[in-house]
Amino acid sequence: MDRLLVTGGRRLSGSVRLSGAKNSALKLMAASLLAEGTTVIDNVPRIVDCLTMGEVLEHLGARTEWNGSTLTIDTSGARGVETPYELVRKMRASIVVLGPLLARYRTARVAMPGGCNIGSRKIDLHVKGFERMGVEFSSKHGYLEATAPDLHGAFVTLDFPSVGATENLLMAAVGATGRTVIENAAREPEIQDLASMLIEMGAKIDGAGRTAIEVEGVNDFEPVRHRTIPDRIEASTFAMAACVTAGDIVLEDARADHLELVLDKLDDAGAVIEATERSIRISMDDRPLAVDLVTLPYPGFPTDLQPQMMALLSVVRGTSIITENVFESRFMFVDELNRMGADIRTEGHHAVIRGVERLSAAPVRSLDIRAGAAMIIAALAADGTTEVFDLYHVDRGYEDFDGRLAALGADVRREREPSLVGRA
Ligand code: UD1
């Protein structure tokens, strides 16, 4: 396992080209299962999660081939309908193959992610929506078995605009008989990207990006070539890293229209932002100011940026309040930030962050993809050399994050974690 040694105090400057969006690419890869033949997806980030989704497709009988960031998926031999536990365990998002498998074969068998059962909160919205479309579920030996000899359109109102449930239902609906309406659908740009690819493949979809998505099922899908949208979470993570170091960077291939609220908040914090059609320049030349924010489904402030923003706000002038509304227990990393000298108190889903002048280096863990990025951001602003352990989490979601930070002038060094084996 790798750890990252980060010596704080260097200003970031220069430009960085963004990768394709992880959360889009994973679903585009799953969508390739709908068509027989060769689908080509450009701008796919070569990160652990996308490699895992590649393994899921291979397990189903597809063949995948990478050429730089272009991924070719040949589904001609794909006949499988089962996704095994060892892959779902690595990445919960693997369950998004349910929708396309049901559309194509009317049956699917997917291992349940850890802590999930049919009634559990984590997949209840997927299951309820599918049931409306005629899918019957049973649970055996840790697997969710879904069958739908008569997969039909339905009117589905989601309790919450879940990203995964919207995508899974959308991919089933495009191949179901008749008309589906998904109400209270998630509106994330990644859903619009998925819908664009599905439409190119032959699907009939209206309203992706709005709260009601209407779908008219069709029988035939053509394989296509599609380019993944740039990663708005990665863009914002680099922007926050620049702000915490009083830096000045250009995000190449960034789409400001996907980042409106995030850029507003960084503007409130004192950043200078210049957006063109295909790039964003962001700089900060003073100590940032406190801002309050609330995470919400898109177009609200993304929960996937809450930890990185918390790291930035831990060194601003003033006191900020963050309210986390999307995921319970997404404040676990706060203890790690406090170990670096941050002054953050949490109460339920609220956090009060009193900005401190400087953070100080400490050994810290990266608890998940975004919390890991947050620790690295904090380390860029800390006195001394911070050791960020469990870097594999960061590698799941960011392509060569440390290499690209180094190219912007950060003092970062990746090392193998010293092994305890053989020690007395
Ligand atoms: C996706 C993103 C993730 C992001 C999240 C919210 C991918 C691969 N991951 O995750 O990075 O943080 O959107 O923007 O795209 N919920 C239920 N029942 C369900 C489904 C969800 O209660 O059946 C709850 C979840 O527990 C959570 C909330 O709804 O509290 C949001 O989850 P959801 O939007 O589904 O997130 P994911 O699609 O898993």
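Using the 1.4 Å probe convention, the accessible area of the chain works out to 40 Å² per residue with neighbouring protein chains retained. Taking 22 Å as the straight-line reach from the Cα of Lys122, the lysines in range (excluding those fewer than 8 positions away in the same chain) are Lys22, Lys27, Lys90, Lys140. Note on Arg63 and Leu289: their simple-model spin labels are 6.0 nm apart, each label 7 Å out from Cα toward Cβ. Taking the protein heavy atoms of the chain in the context of the full set of protein chains, the accessible area attributed to carbon and sulfur is 47 percent at 1.4 Å.
Remark: segment 1-133 is approximated by an ellipsoid whose semi-axes, taken from the C-alpha gyration tensor as √(5λ), come to 30, 21, 13 Å, largest first. From the Cα gyration tensor of segment 150-282, with a ≥ b ≥ c the square roots of its eigenvalues, which class applies: rounded if a/c is under 1.5, or else prolate if a/b is larger than b/c, or else oblate? Taking the square roots of the gyration eigenvalues as a ≥ b ≥ c, segment 150-282 is prolate. Equivalent ellipsoid of the chain: semi-axes from √(5λ) of the C-alpha gyration tensor, largest first, are 38, 22, 21 Å.
Across segment 303-424, Cα-Cα pairs more than 26 Å apart make up 20 percent of the total. With 0.36 nm allotted per residue and the present C-alpha distance subtracted, the Ser15-Met1 stretch has 2.1 nm of extension available.
In the chain, the DSSP-assigned H stretches of four residues or longer account for a calculated mean residue ellipticity at 222 nm of -9000 deg cm²/dmol, using -39500 (n - 2.57) per stretch and the full residue count as denominator.
Calculate, for Glu260 and Ser76, the FRET efficiency according to 1/(1 + (r/R0)^6) with r their C-beta to C-beta distance and R0 51 Å; round to the nearest 0.05. Show your work: numbers first, answer last.
Working: r = 42 Å, r/R0 = 0.82.
The formula returns an efficiency of 0.75 here.
Remark: segment 213-358 projects, on average over all directions, an area of 11.0 nm² (convex hull of Cα atoms). The alpha carbon gyration tensor of segment 338-397 gives principal lengths a ≥ b ≥ c with a/c of 1.5 or higher and a/b no greater than b/c, which makes the shape oblate.
Across the alpha-carbon atoms of segment 179-220, the computed radius of gyration and Dmax are 9.7, 27 angstrom.
In terms of overall dimensions, segment 22-227 has a Cα radius of gyration and Dmax of 15.2, 41 angstrom.
Percent relative contact order of the chain, based on C-alpha pairs within less than 8 angstrom and at least six residues apart? Present the calculation step by step, with values, prior to reporting the outcome.
Working: 1026 pairs, mean separation 86.3, N = 424.
The value is 20 percent.
For segment 99-209, the C-alpha radius of gyration divided by 2.2 N^0.38 Å, with N the number of residues, is 1.01.
The values are calculated or read from the model by the stated rules, or taken from the named source; none is laboratory data. From a predicted model like this one, the values you see are computed outputs, not experimental measurements. Please note: Cβ atoms are built from the backbone with ideal geometry, for glycine as well, and neighbour counts cover all protein chains shown. Heavy atoms of the whole protein, side chains included, go into the accessibility calculation; ligands, DNA and RNA do not. Shrake-Rupley method; radii C 1.70, N 1.55, O 1.52, S 1.80 Å.
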